[in-house]
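The values are calculated or read from the model by the stated rules, or taken from the named source; none is laboratory data. These numbers were taken from a predicted model, which means no experiment stands behind them. Note that we place each Cβ from the backbone using ideal geometry, even for glycine, and neighbour counts take in every protein chain shown. Only protein heavy atoms, including side chains, enter the accessible area calculation; ligands, DNA and RNA are left aside. Shrake-Rupley method; radii C 1.70, N 1.55, O 1.52, S 1.80 Å.
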Amino acid sequence: MTTTDSTHVTTSGTPTGIAKRLAEALAPFIGGGELPVRLRAWDGSETGSSDGPLVVLNSVDAVRRLLWHPGELGAAQAYVTGELDVPEVDGWDLDKALTYAFAVAKERGLSGARPTPSAMVKAVRTALDLGALGRPPAAPASQAQIKGRLHSALRDRRAIAHHYDLSNEFYSLILEPHMAYSSGYHSSPEVPLQEAQEAKLDLVCTKLGLEEGSTLLDIGCGWGSMSLRAAEKFGAKVVGVTIAAEQKKFIDARIEERGLEGQVEIRLQDYREVPERGTFDAVSSIEMGEHVGQKNYPTYAEVLHRSVKPGGRVLIQQMSRTGKWPGGGPFIESFIAPDMYMRPVGETVAFLERAGLEVRDVHGLREHYVHTVAGWLENFYANRDRLVELMGEEVYRVWELYLVGGSMAFRDGRMGVDQILMVRPDGAHTLPLVRSW
């Protein structure tokens, strides 16, 4: 029977709090044994390992979400809404707690484990007893709801707007002054974020051989870090394209501030609509290829090829991923980057070669991204109050989960990032025999 305060009375007459009942129902799903975390339920009861992180269920809706969306998506929904929390106590923080959870899952072999029918029946009975059954809670307001044909121009604009049009101020509080939203280039973990981003931009410009009067197409130019650096430091004449309206407004203001009119042109334009053919000395595309999709990647590669002069250089910086979630997993795909698609770097190289480009260098930067995200997180936590004021607590929690989880993915090798340098081979190129970079 269930009492009015949600405690359960066993046959011996001993009351059992919600936390223990949940742990008993979960046992078959977590490999048996003690619950590896300290679980606190909404009735204040606790159970589980005193050595593990504290996980707080503030509402029965957290359980309901996990019933409707078992695993990562349900847990993420509950976390961003505050129905589930991982407080910073006893030396645990979100990074340590998630790292611990991954380690326990691996140790217990939980990937792909299937519970028995009896375990399912017990879980359903417990959920019914606790009032957790019923219609699914509404999706969090921060969860993307993108409609339209996959990777159509309209849907791509909507997907990019969901992520990049939050607020220029929001991003300025997380990134550094150049607003480079991609991996930096760190000579050591201690290098400040701005210095690492400048080193990355200079590395790209150097690999592309930019000099006074060079023409550059910057596909997916973001907030203009590459376009402006190429113009100001290397003297290039730049065309940048973006489909994020807020980004174009931001860069146009910087162009005017720095007197770069006539040297840098930013277009609100889909990469597929770039009309120039064979006119640019160089083409760059920094962490944009992940957003074009698997089916459209040949088109993207063909645009890279057709836009550069014969013998000209092309450099992309792009994230890679192996495994079953090319989009990054249910949380990333639902809250951060809808329709993103990543693949092993070798498969990307094959796409580029089929488009007619000659791959000359592949430069892995996975560890650099760990240091870059560390800098973003430092800014993120330092500006917490203003970020919440701008976007609300839910979006703040989405981004905390995103940044912490992303850092872990690069640290643990589930994701990589690479600079791929190419030339269009139907013309004499000027790449040196020996690279000094």
(message) On the basis of being in contact with a strand residue (DSSP E or B) (Cβ under 6 Å, 6 or more places away or on another chain) and in a loop (DSSP other than H, G, I, E, B), does P140 make the cut?
(response) no
(request) Read through the list (1) more than 23 Å from V80 (Cβ to Cβ); (2) touching a Ser or Thr at 6+ places or on another chain (Cβ under 8 Å); (3) without any contact (Cβ under 8 Å) to a residue 40 or more places away in the chain, then give the number of the only condition that V345 fails. (result) (3)
(request) Determine whether the range 9-24 contains at least one residue that is hydroxyl-bearing (S, T, Y), open to solvent by less than 30 Å² (accessible area, probe 1.4 Å) and either modelled with pLDDT under 95 or not in a loop (DSSP other than H, G, I, E, B) (or both). (result) yes
(message) Take the residues in the range 158-190 that are outside any loop (DSSP other than H, G, I, E, B) and farther than 18 Å from G224 by Cα; name whichever of them is least open to solvent (accessible area, probe 1.4 Å).
(response) A159
(request) Kindly provide the set of residues from the range 64-120 that are among the charged types (D, E, K, R) and in contact (Cβ under 8 Å) with a residue 60 or more places away in the chain, ordered by number. (result) R64, R65, E72, D95, R108
(request) Working carefully through the options S320, S284, find the one that is under 19 Å from D418 (Cβ atoms), assigned to a strand (DSSP E or B) and open to solvent by 10 Å² or more (accessible area, probe 1.4 Å). (result) S320
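Looking at G311, G289, G278, G293, can you tell me which residue is out of contact with any helix residue (DSSP H, G or I) (no Cβ under 9 Å at 6 or more places or on another chain) and either surrounded by fewer than 23 Cβ atoms within 10 Å (Cβ to Cβ) or closer than 17 Å to H151 by Cα (or both)?
Details: G289 fails: out of contact with any helix residue (DSSP H, G or I) (no Cβ under 9 Å at 6 or more places or on another chain); G278 fails: out of contact with any helix residue (DSSP H, G or I) (no Cβ under 9 Å at 6 or more places or on another chain); G293 fails: out of contact with any helix residue (DSSP H, G or I) (no Cβ under 9 Å at 6 or more places or on another chain).
Of the residues listed, the single one that is out of contact with any helix residue (DSSP H, G or I) (no Cβ under 9 Å at 6 or more places or on another chain) and either surrounded by fewer than 23 Cβ atoms within 10 Å (Cβ to Cβ) or closer than 17 Å to H151 by Cα (or both) is G311.
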(request) For the range 57-85, enumerate the residues that are surrounded by fewer than 21 Cβ atoms within 10 Å (Cβ to Cβ) and either outside any helix (DSSP H, G or I) or in contact with a His (Cβ under 7 Å, 6 or more places away or on another chain) (or both). (result) N58, S59, H69, P70, G71, G82, D85
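Name the residues in the range 50-63 that are free of Cβ contacts under 8 Å to residues at least 24 places away in the same chain and of a type in the set (A, V, I, L, M, F, W, C), would you?
The answer is A62, and nothing else.
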(request) Please determine, by comparing only the residues of the range 111-137 that are outside any loop (DSSP other than H, G, I, E, B) and basic (K, R), which one is nearest to A62 (Cα to Cα). (result) R125
(message) Is it the case, given these coordinates, that V37 is more than 21 Å from D95 (Cα to Cα), touching a strand residue (DSSP E or B) at 6+ places or on another chain (Cβ under 9 Å), open to solvent by less than 50 Å² (accessible area, probe 1.4 Å) and modelled with pLDDT of 85 or more?
(response) no
(request) Have a look at L268, L260 and point out the one that is open to solvent by 50 Å² or more (accessible area, probe 1.4 Å) and of a type outside the set (G, A, S). (result) L268
(request) Have a look at V417, V362 and point out the one that is under 18 Å from the mean Cα position of the chain (by Cα) and part of a strand (DSSP E or B). (result) V417
(request) Quick one: count up the residues across the range 89-147 that are among the hydrophobic types (A, V, I, L, M, F, W, C) and either over 24 Å from A27 (Cα atoms) or in contact with an Asp or Glu (Cβ under 6 Å, 6 or more places away or on another chain) (or both). (result) 6
(message) Return the residues of the range 173-217 that are under 20 Å from Q318 (Cα atoms) and either at pLDDT below 95 or touching a Gly at 6+ places or on another chain (Cβ under 6 Å) (or both); say none if nothing qualifies.
(response) Y181, L193, A196, Q197, K200
(request) Examine the range 253-269 for a residue that is assigned to a helix (DSSP H, G or I), farther than 24 Å from V349 by Cβ and in contact (Cβ under 8 Å) with a residue 12 or more places away in the chain, and state whether such a residue exists. (result) yes
(request) Report whether or not R424 is open to solvent by 20 Å² or more (accessible area, probe 1.4 Å), at pLDDT 95 or above and closer than 25 Å to L304 by Cβ. (result) yes
(request) Report, by residue number, each residue of the range 191-214 that is out of contact with any His (no Cβ under 9 Å at 6 or more places or on another chain) and open to solvent by 40 Å² or more (accessible area, probe 1.4 Å). (result) P192, T206, E211, E212, G213
